[in-house]
1. I need the full set of residues from region 31-49 which are open to solvent by less than 80 Å² (accessible area, probe 1.4 Å) and outside any helix (DSSP H, G or I), in order please.
2. For the structure I just gave you, tell me whether A28 is among the aliphatic types (A, V, I, L, M), in a helix (DSSP H, G or I) and modelled with pLDDT under 85.
3. Based on this model, can you work out whether K5 counts as modelled with pLDDT under 60 and either open to solvent by less than 100 Å² (accessible area, probe 1.4 Å) or of a type outside the set (F, W, Y) (or both)?
Amino acid sequence: MEILKTRLIEKAVSDLDAHGLLEPLLAAMAKKRKDPYTISEKVVNHSFAFHFLNGGKQAATKGKGKRG
């Protein structure tokens, strides 16, 4: 289990870095704009990239435009 955890962390960090997303996430954490728990949740859910890839714009949410 520890090997799996280590490999998953290494892969996630490598992928974030390869796509230029690691530094913005670390900077947001360092400037206390985001806490480590929120960032880790976004990384796990793959929802972190939309904000950075869209130049800081909010990602479209599911069900946008639905009434009810």
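The values are calculated or read from the model by the stated rules, or taken from the named source; none is laboratory data. Just so it is clear, the structure is predicted and the values come from calculations on it, not from any experiment. Areas reflect the complete protein model, heavy atoms only, side chains present, ligands, DNA and RNA absent. Shrake-Rupley method; radii C 1.70, N 1.55, O 1.52, S 1.80 Å.
1. First, the residues of region 31-49 that are open to solvent by less than 80 Å² (accessible area, probe 1.4 Å): 35-36, 38-40, 42-43, 47-49.
Residues satisfying the conditions are D35, S47.
2. On the way: among the aliphatic types (A, V, I, L, M): yes; in a helix (DSSP H, G or I): yes; modelled with pLDDT under 85: no.
No: the conditions fail for A28.
3. No; evaluated as a whole, the condition is false for this residue.
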